[in-house]
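Visitor: My structure is below; once you've seen it, I'll send some questions.
The values are calculated or read from the model by the stated rules, or taken from the named source; none is laboratory data. Keep in mind that this is a model prediction, so the values were computed, not measured. With ideal geometry, Cβ positions are generated from the backbone for all residues, glycine too; neighbour counts draw on all protein chains shown. What goes into the accessible areas is simple: the full protein's heavy atoms, side chains included, and nothing from ligands, DNA or RNA. Shrake-Rupley method; radii C 1.70, N 1.55, O 1.52, S 1.80 Å.
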Amino acid sequence: MSVQHTAVVGAGTMGNGIAHVLALHGYPVALIDLDEELLEDARTTIERNLSRQVDKDATTSDAKEAALNRLSLTPDTAEGVRSADLVVEAVPEEQPIKADVFGTLDAHAPDDAILASNTSSISITWIAAQTKRPEQVIGMHFFNPVPVMTLVEVVRGQRTSSATFDIVAEVAEDLDKNPVAVEDYPGFVSNRVLMPMINEAIFCVMEGVAEPEDIDTVMEMGMNHPMGPLTLADFIGLDVCLHILEVLHDELGDDKYRPCPLLRRKVTAGQLGRKTGEGFFEYG
Ligand code: 3HC
């Protein structure tokens, strides 16, 4: 099977980024979300980010227009996936929502379609078990901002077939990304390594080791990270970081993953980072 038509479920930050790269690399893509306002916002974001790439000579105006023409928006999941060979799910990280979405995808996508999840913290094996096609379910974990970051973790669930893996790795390469094979363990590789660093930076704030700006400066200038860990945590969302740390802590059972109390306090207070205007830093 070769992938011709695609669909992305969920029009938030990750979903619109994934639809952006699929459309730009020649795949017709149906972007699906029950929230029609979010769908329209996603189209505006994709258009703005494509223009950014045109301004930087990373693509051309013709390629931008062609990409926008390949993008369709729909609130109807059954309709959106009807002719898809590959569906990428990017809905909120809650198991009941994932179960519901994968049940619908399984019922309405063609029998040979691959169902991929962009989850960062839910088991691919568990997601696959919500369907009657576990061999065709796989993790396709992109990174924010999707048009810029060149990695895709391709996560094999317990029953994912090697044919499914090969097709998805090929699509990732087609998107100019580097696919890395990862087994289905909590946090995969990316978040298992990244989140303890972010958590430790938050412990440093809580214990007064240094000011937040200075903690970030240490990692930017001393380790050449493009963003310090606290800026990155604000960029990812403090609620998302807390959720991933809780999954690591619960499922691996090691105290080294215990979320810092200051992270919990900020999430409880609604200071979730860039998206709420305040996290470890303030945003205009
Ligand atoms: N769409 C298209 N292009 C974009 C873009 C977007 N959404 N966002 C940024 N860009 C482009 C810019 O146009 C610019 O292009 P250029 O290099 O050709 O000039 C380039 O990306 C750099 O952007 P800026 O100049 O605006 O800003 P910076 O140089 O500060 O880079 C950044 C911004 C790329 C976000 C950089 O700070 C970075 O790499 N940060 C780390 C991001 C990161 O670690 N992401 C992973 C998060 S973890 C995750 O997603 C997993 C999840 O499970 C938690």
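Visitor: Just how many pairs of Lys in the chain have C-alpha atoms closer than 24 Å, counting pairs that are eight or more places apart or on different chains?
Guide: Close lysine pairs found across the chain: 7.
Visitor: In a shell of Cβ-Cβ distance under 15 Å around GLU207, excluding GLU207 itself, what net charge do Lys and Arg (+1) and Asp and Glu (-1) give?
Guide: Net charge in that neighbourhood comes out at -1.
Visitor: Output the 0 to 90 degree angle, nearest 10, between the alpha-carbon long axis of helix 13-24 and the longest principal axis computed from the alpha carbons of the chain.
Guide: Between the helix axis and the principal axis of the chain, the angle is about 40 degrees.
Visitor: How far apart, in nanometres, would the label points at ASP112 and GLU135 be if each is projected 7 angstrom from Cα along the Cα-to-Cβ direction?
Guide: Using points 7 Å along Cα→Cβ, the separation is 1.3 nm.
Visitor: Further question: May I ask you to derive the FRET efficiency for GLU282 and ASN69 from their Cβ-Cβ distance with R0 = 41 Å, giving the value to the nearest 0.05? Write down the numbers at each step before the final one.
Guide: Details: r = 39 Å, r/R0 = 0.96.
My answer for the efficiency is 0.55.
Visitor: Round to the nearest 10 and give me the degree value, 0 to 90, for the angle of helix 61-70's Cα axis relative to the longest principal axis of the chain.
Guide: Orientation of helix 61-70: about 70 degrees from the principal axis.
Visitor: Sticking with this one: Which shape class applies to region 6-183: rounded if a/c is under 1.5, otherwise prolate when a/b exceeds b/c and oblate if not, where a ≥ b ≥ c are the square roots of the Cα gyration tensor eigenvalues?
Guide: prolate
Visitor: So what is the relative contact order of the chain, in percent, for Cα pairs below 8 Å that sit 6 or more residues apart?
Guide: It rounds to 13 percent for the chain.
Visitor: Mind checking which of THR77, THR217, THR150 has the largest fluctuation in a GNM of the chain, springs on alpha carbons under 10 Å?
Guide: THR217
Visitor: Using mean Cβ contacts within 10 Å as the protection proxy, how do 35-48, 120-133, 230-243, 5-18 order, highest first?
Guide: So the peptides 35-48, 120-133, 230-243, 5-18, ranked by packing, come out 5-18, 230-243, 120-133, 35-48.
Visitor: If you don't mind, another one. Determine the percent antiparallel among the DSSP beta bridges restricted to region 6-183, to the nearest 5.
Guide: 15 percent
Visitor: Before I look further, what does region 177-284 give for accessible area per residue, probe 1.4 Å, in whole square angstrom?
Guide: 53 Å²
Visitor: Right, another one. Modelling each spin label as a point 7 Å along the Cα-to-Cβ direction, I'd like the ARG258/MET149 distance in nm, to one decimal.
Guide: 2.8 nm
Visitor: What is the distance in Å between the Cα centres of region 1-33 and region 120-149?
Guide: First find each Cα centre; the distance between them is then 14 Å.
Visitor: In addition: For a label point 7 angstrom out from the Cα of ASP41 toward its Cβ, which stretches of region 265-282 have the backbone nitrogen within less than 16 Å?
Guide: 272-278
Visitor: When the helix-only estimate is applied to the chain (DSSP H runs of n ≥ 4, each -39,500 (n - 2.57), divided by the residue count), what is the mean residue ellipticity at 222 nm, nearest 500 deg cm²/dmol? Let's see the in-between values first.
Guide: Details: 12 runs with 139 residues, N = 284.
Estimated from H runs of four or more residues: -15000 deg cm²/dmol.
Visitor: First compute the accessible area of the chain with a 1.4 Å probe, then give the percent of it belonging to carbon and sulfur atoms.
Guide: 49 percent
Visitor: Rounded, prolate or oblate: pick one for region 190-275, where a ≥ b ≥ c are the square roots of the eigenvalues of its C-alpha gyration tensor, a/c under 1.5 means rounded, and failing that, prolate if a/b is larger than b/c, else oblate.
Guide: Prolate, since a/c reaches 1.5 and a/b exceeds b/c.
Visitor: Right, another one. Please give the length that would be gained between PHE203 and VAL54 if that part of the chain were fully extended, namely 0.36 nm times their separation in residues minus their C-alpha to C-alpha distance (nm, one decimal).
Guide: Extra length available between PHE203 and VAL54 comes to 49.5 nm.
Visitor: Now, a different point. Sequence-distant or interchain residues sharing an amide H contact under 5 Å with ASN178, placed H: which?
Guide: LEU151, VAL152
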